[in-house]
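The values are calculated or read from the model by the stated rules, or taken from the named source; none is laboratory data. This structure is a prediction, so every number in the text was calculated from the model and none was measured. Backbone-built Cβ (ideal geometry, glycine too); neighbour counts: all protein chains shown.
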Amino acid sequence: MIWYVMLAVIFAAEIAGIVYWQLRAERRGEQSQTKRWVKSAVLLAAAVVWALLAVYDKENAFIVLLHLFVFLLVGMCADGVFSLIRKKKVKGSACVWAAASAACLIWLCLGWAAAHHVRRTDYSVTSTKAIGQDRLRIAQITDTHIGTTMDGAGFAKKLKDVSKAKPDIVVVTGDFTDANTSREDMQRSCLELGKLETKYGIYFVFGNHDCGDEGERSFTSAELEAELERNGVIVLRDEGVRVSDNVYLIGRRDASEHRENMRKLTADIRPTDYLIVLDHQPNSFTEESQAGADLVLTGHTHGGQLMPLPLASRLLPSFFGDADFMYGKRMYGSTACIVSSGMSSWEFWFKTGTVSEFVIVDVEGP
């Protein structure tokens, strides 16, 4: 219901703004009767499109309307400022209206492409500890949200690029599924994930949607876990596993669940072990660093998803909850912490502030 309320508010604001702009243009004597009819027809067509989109997908209808509202508002402000600077009435409101709408369309098309095209992002980390080989290559997959921008078959195609990177180990850091994921797509995705060829295996931790959307989809988190394990994927829930003689991996429960603290999870680990921690949400880096983690891999934030959130998170980080940061790599002491924007996103078809990605981390030995 809240989405429909927000849609109604934004739609009403846009209609009021466009009507105001029309009246202002008429007072300036900019518009003929023909132009008014044309603009009214365009407005009516847009309203029909928005209504159909709202019925099909209310969340994305809201995103489209919100972006159009912002672009029109910026256009109106720019038109007003230009008129003040010139100190006279400037004809061209219709042109500004059209330009703002076109700019919004282009922006959303770029955002759609950024969300649906999954690129490879590479990071390099140097270890002072022996890792048993010259280089350990880790592929991180996170926030696929199967059913939003890709189904099971689409996920299978994305995995071909992951496979080409020839990773030694594959890790999945949560939100593999959500309320929109069908049982069939979940099963297909687990099957395809299990087909990846690796030296040390495939490891999985739950995200808040994997374990928190019970009752909203056709399978439970227990059934998801069973399907993953059936395909050879190792699910870790506050558990650790020795990947090799020199490398140890801990997979944490999601921060939305009750979970053990890092000190307890690392109690039996050798100081010489290279320790990798998988944690869906990026809000425990200090704790994980103090517990001796060498590398922490997370997701959850979608890189900020929509502008201006990525920019605002850098300027005003305290306003963005518990996340230590939204995207990229940062060092906490000697611990390398990486936040991926993920392969997809929850509900939304657009990424206007970041990209869709899978991550390759090369850990270089001493």
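Report yes if Asp134 is at pLDDT 90 or above, surrounded by fewer than 21 Cβ atoms within 10 Å (Cβ to Cβ) and farther than 28 Å from Gly174 by Cα, otherwise no. If you could, list the steps in order and put the result at the bottom.
Numbers: at pLDDT 90 or above: yes; surrounded by fewer than 21 Cβ atoms within 10 Å (Cβ to Cβ): yes; farther than 28 Å from Gly174 by Cα: yes.
Considered against the rule, which asks whether it is at pLDDT 90 or above, surrounded by fewer than 21 Cβ atoms within 10 Å (Cβ to Cβ) and farther than 28 Å from Gly174 by Cα, Asp134 comes out as yes.
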Please enumerate the residues belonging to segment 279-319 that are of a type in the set (A, V, I, L, M), modelled with pLDDT of 95 or more and farther than 29 Å from Trp112 by Cα.
Ala293, Leu295, Val296
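Which residue, of Leu228, Leu236, is in contact with a Cys (Cβ under 6 Å, 6 or more places away or on another chain), of a type in the set (A, V, I, L, M) and crowded, with 18+ Cβ neighbours inside 10 Å?
Matching residue, one of Leu228, Leu236: Leu228.
Restricted to segment 324-347, and to residues that are within 30 Å of His67 (Cα to Cα) and either surrounded by fewer than 22 Cβ atoms within 10 Å (Cβ to Cβ) or of a type in the set (D, E, K, R) (or both), which residue is modelled with the lowest pLDDT? Step through it out loud before you land on a result.
We begin by selecting, within segment 324-347, every residue within 30 Å of His67 (Cα to Cα); these are 324-329, 338-347.
Retained after the next criterion (residues that are either surrounded by fewer than 22 Cβ atoms within 10 Å (Cβ to Cβ) or of a type in the set (D, E, K, R) (or both)): 324-325, 328-329, 346-347.
On the way: Asp324: 73, Phe325: 81, Gly328: 92, Lys329: 95, Trp346: 88, Glu347: 85.
The residue in question is Asp324.
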Cβ pairs under 9 Å, 6+ apart, first in segment 199-212 and more than 10 Å from Ser256 (Cα to Cα), second surrounded by 24 or more Cβ atoms within 10 Å (Cβ to Cβ) and polar (S, T, N, Q):
Phe204/Thr173; Val205/Thr173; Asp210/Thr177
So which pairs qualify, if the first residue must be in segment 299-315 and over 28 Å from Phe204 (Cβ atoms), the second must be at pLDDT below 65, the Cβ gap must be under 9 Å, and the two must be at least 6 apart or on different chains?
Ala312/Phe319; Ala312/Phe320
Pick from segment 244-257 the residues that are at pLDDT below 95 and out of contact with any Cys (no Cβ under 9 Å at 6 or more places or on another chain): which of them is farthest from Thr301 (Cα to Cα)?
Asp245
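Identify, from the list Thr149, Thr128, Thr142, the residue that is β-branched (Val, Ile, Thr) and at pLDDT 95 or above.
Working: Thr149 fails: at pLDDT 95 or above; Thr128 fails: at pLDDT 95 or above.
Only one candidate passes the filter, namely Thr142.
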